[in-house]
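The values are calculated or read from the model by the stated rules, or taken from the named source; none is laboratory data. Computed from a predicted structure; not experimentally measured. Ideal geometry is used to build each Cβ from the backbone, glycine not excepted, and the neighbour counts take in all protein chains shown.
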Amino acid sequence: MSRSRPARFRWWHIDEVLPIEADLFGAEQWSAAMFWNELSHGHFYRVFTDDGGVLGYAGLAVAPPDEAWVQNIAVRRDAQRRGIGRLLLEALLAEAGRLGVRAVLLEVAADNAPAQRLYAMHGFEPIGVRRGYYQPSNTDALVMQRTQD
Ligand SMILES: CC(C)(COP(=O)(O)OP(=O)(O)OC[C@H]1O[C@@H](n2cnc3c(N)ncnc32)[C@H](O)[C@@H]1OP(=O)(O)O)[C@@H](O)C(=O)NCCC(=O)NCCS
């Protein structure tokens, strides 16, 4: 595992993130405009880099005092299973804790077992389903929630 730490996601990372999005999410990838929008709203975004560039990224939209939503979390395919996703998620949860929000929520594809496992390890529990949330695949989303201690 690299000794790097998640750092602030800046606009100049977007170009590097787009091919990772395309590889991981295909037709459901986020566009540059969506990332610009997230950053311009001041949402809490982190990027994990090494000398080879961006390996992963994640974002949190905070709606204090009640809740925050994990907007996305992704790790480049060749860098997965090295603890980067966990580090990114923990950075988001630390920020939620710092802001004192009551609950952190997220949507995850119902068929995405690896991500659900990562979330379950961090205290997220399923609280509902959004039918056909992901388009065009029409995949259901599981809504998961973690109540802050
Ligand atoms: C989900 C994702 C972010 C995890 O990132 P990662 O850096 O590979 O994960 P980590 O190495 O930090 O693993 C943390 C835990 O997640 C779970 N996990 C991660 N990948 C897994 C896999 N392929 N199979 C089963 N569990 C997995 C495990 O519980 C793992 O802990 P362990 O290694 O001690 O068993 C990454 O697989 C990814 O980018 N997937 C594609 C995009 C995506 O689905 N994002 C989530 C959208 S909601």
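Quick look at the numbers
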quantity: Verdict on Gly53 being in contact (Cβ under 8 Å) with a residue 12 or more places away in the chain and surrounded by fewer than 14 Cβ atoms within 10 Å (Cβ to Cβ); calculated: yes
quantity: Pick from the stretch 30-43, criterion within 13 Å of the chain's Cα centre (by Cα) and either at pLDDT below 95 or surrounded by fewer than 22 Cβ atoms within 10 Å (Cβ to Cβ) (or both), ranking: farthest from Arg98 (Cα to Cα); calculated: Trp30
quantity: Selection within the stretch 101-149 - away from the ligand (no atom under 15 Å from the Cβ), hydrophobic (A, V, I, L, M, F, W, C) and not in a strand (DSSP E or B); calculated: Val101
quantity: Leading residue by the ranking (farthest from the ligand (Cβ to nearest atom)) among those in the stretch 35-65 that are touching a strand residue (DSSP E or B) at 6+ places or on another chain (Cβ under 7 Å) and outside any strand (DSSP E or B); calculated: Leu39
quantity: Residue in the stretch 73-84 that is assigned to a loop (DSSP other than H, G, I, E, B), within 15 Å of Met144 (Cα to Cα) and near the ligand (Cβ under 10 Å from one of its atoms) present; calculated: no
